[in-house]
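A short worksheet on the structure shown next.
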Amino acid sequence: MDESQVKEFLLQTDQEFRKLAEEHKSFERQLQELQQKPHLNHQEQVHETILKKKKLVLKDRMQMLISRYQVEHAAH
């Protein structure tokens, strides 16, 4: 399975992966809302930075689960 197939499989079968993906999408939506504003105040800028960092953490965790699945199933 390639990475996109593994991702789709995990979205359907792995509750933790699905939760991470939903949170990632939520952060992405919040970032898009902030980016629609012509100017961000200081608090919004801080919030944007925090969202980006949280989103990256989730992406890294999802990538780790994908890689782990690929390694575990490559041996079979």
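Got a number for residues in segment 53-75 being under 17 Å from Ser4 (Cα atoms) and in contact with a Leu (Cβ under 8 Å, 6 or more places away or on another chain)?
Summing the residues that are under 17 Å from Ser4 (Cα atoms) and in contact with a Leu (Cβ under 8 Å, 6 or more places away or on another chain) in segment 53-75 gives 6.
Provide a single number: the residues in segment 1-36 that are among the acidic types (Asp, Glu) and modelled with pLDDT under 95.
Matching residues across segment 1-36 total 2.
Does segment 1-33 hold any residues that are more than 20 Å from Tyr69 (Cα to Cα) and among the acidic types (Asp, Glu), and which are they?
Glu23, Glu28, Glu33
Give me the pairs: first residue in segment 50-65 and touching a residue at least 60 places away in the same chain (Cβ under 8 Å), second residue loosely packed, with under 14 Cβ neighbours inside 10 Å, beta-carbon distance under 7 Å, and six or more apart or on different chains, which are they?
none
The values are calculated or read from the model by the stated rules, or taken from the named source; none is laboratory data. No experiment lies behind these values; they were computed from the predicted model shown. A quick note on method: Cβ atoms are made from the backbone with ideal geometry, for glycine too, and the neighbour counts reach across all protein chains shown.
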